[in-house]
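Notes follow the structure.
Nothing in this text is a laboratory measurement; each read-out follows from the coordinates by a stated rule. In this text, all values refer to a predicted model and were calculated from it rather than measured experimentally. No Cβ is skipped: glycine too gets one built from the backbone with ideal geometry, and neighbour counts run over all protein chains shown.
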Amino acid sequence: MIEAIREFTIESEIHRAAFSPDGRWLALATKSGTTELWEIPTATPGPILHGHSDDVWTVSFAPDGRTIATGGGDGTVRIWNSIDGRERALFRGHSRAVTAAAFIPDGRRLVTSGWDHRLIVWDVAAGSPLANHDGGATLEIGGFSADGIRLLIGSDRNQAELWHSDAGRVRVLTGKNSDSTMSTAVSRRAPLAFTAEKGVRVPPGQPANWFTRVGVWDASAWRELRDFEVGARPHRGVWHLAASGDGRFILLGHSDGIVKVVRSATGEVGFERSVCFEPEAMSLSADDTVLVSTVGRRVQLWKVQVPHWEAPRKPWWRFW
């Protein structure tokens, strides 16, 4: 089930939300050019990161929890100390807004992308680019393989792509009956990746229905293990996709504010809950117990408790 914990409002509209690795802090990237830190679950305000001259579009914590990266509409990437809110470094390499940023698991490298269609891999300590790829589209970083070498990317070409952090795009991930990929996610501890693809059906004499086909992928061999469809909804597609650390379940956030908790092994919907209409941002804490959703200036915190789904004697994905 999903139960409300707390709700609060900040002074600016929110573009992105991210939890610290220990789940204690929530970072909110805002339209005002600042990033606000809030202690969870008490919603106590912490440092405010000032520096960007335009919207902050993305925010990410490093694995150490003490380092934050932000990307802004001013085309800069900034590195911050999360304890005192001080700016540690400023990277210039994008010519337009930076809309996605994620630390590679070793914490020494950062991957960013933006409206200039570039995907840049940065050496965080040196502040210099290690690789600079032409993505040919706006890219959204879904996650990394365990070794940090391969990236799962969702693009506005409506496809999921596998990238090598040094060599660039490796291939397009094409699943069964693929239509248009909207979101991607990678489990942090299990070798599983997920893609959410939209489709439309128009029953005779009825309004069009959006449906979501979820692909489950082996994140080692990058082959599709299975796919399942999560119910049709009139005019409402899935905007957000998050995977639990063990890959046991995923969260699907619909544009009408319905969040579904879905069992990865079977496609069974455990439960669903209405959170907020057209959520701008959605994120799951590292321990898979707290969900944040935002719309406008409003922040909602939810406790996530999954159904008792019996686990097989060995990881289920090994049965394929």
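Mind checking which of SER283, SER244, SER32 has the largest fluctuation in a GNM of the chain, springs on alpha carbons under 10 Å?
In the Gaussian network model the winner is SER32.
At 7 Å along Cα-to-Cβ for each site, give me the label-to-label distance between ALA43 and PHE8 in nm.
Calculated label separation equals 0.7 nm.
If you stretched the chain out fully between ALA286 and ALA131, how much longer would it get, using 0.36 nm times the residue separation minus the C-alpha to C-alpha distance?
The span from ALA286 to ALA131 would gain 53.0 nm if fully extended.
Karplus couplings for segment 154-163 from phi (6.51 cos²θ - 1.76 cosθ + 1.60, θ = phi - 60°), rounded to Hz, Gly and Pro as x?
Working through the residues one at a time gives x, 10, 7, 7, 6, 8, 8, 10, 9, 10 Hz.
Regarding segment 54-203, what whole-number volume in Å³ per residue does the convex hull of its Cα atoms give?
Given the Cα convex hull of segment 54-203, per-residue volume reads 128 Å³.
Given the options PRO45, TRP239, ALA4, identify the residue whose Cα lies farthest towards the positive end of the charge dipole of the chain (+1 on Cβ of Lys, Arg; -1 on Cβ of Asp, Glu).
TRP239
As I understand it, the dipole of the chain uses +1 on the Cβ of Lys and Arg and -1 on the Cβ of Asp and Glu, about the Cα centre. Which of GLY257, ASN81, GLN300 lies farthest toward its positive end?
Projecting each Cα onto the dipole axis, the largest value belongs to GLY257.
Straight-line reach from LYS31: which aspartates and glutamates have Cα under 16 Å away, leaving out those fewer than 8 places along the same chain?
GLU11, GLU13, ASP54, ASP55, ASP74, GLU280
Can you compute the charge dipole magnitude of segment 17-132 about its Cα centre, using +1 on each Lys and Arg Cβ and -1 on each Asp and Glu Cβ, nothing else charged? Give it in debye, rounded to the nearest 20.
200 debye
Of (i) 152; (ii) 233; (iii) 128, which is the value of volume of the Cα convex hull per residue in Å³ derived from the coordinates here?
(iii)
Rounded to the nearest 20 Debye, what is the dipole magnitude of the chain about its Cα centre when Lys and Arg each give +1 and Asp and Glu each give -1 at the C-beta?
Using Cβ point charges on Lys, Arg, Asp and Glu, the chain gives about 640 debye.
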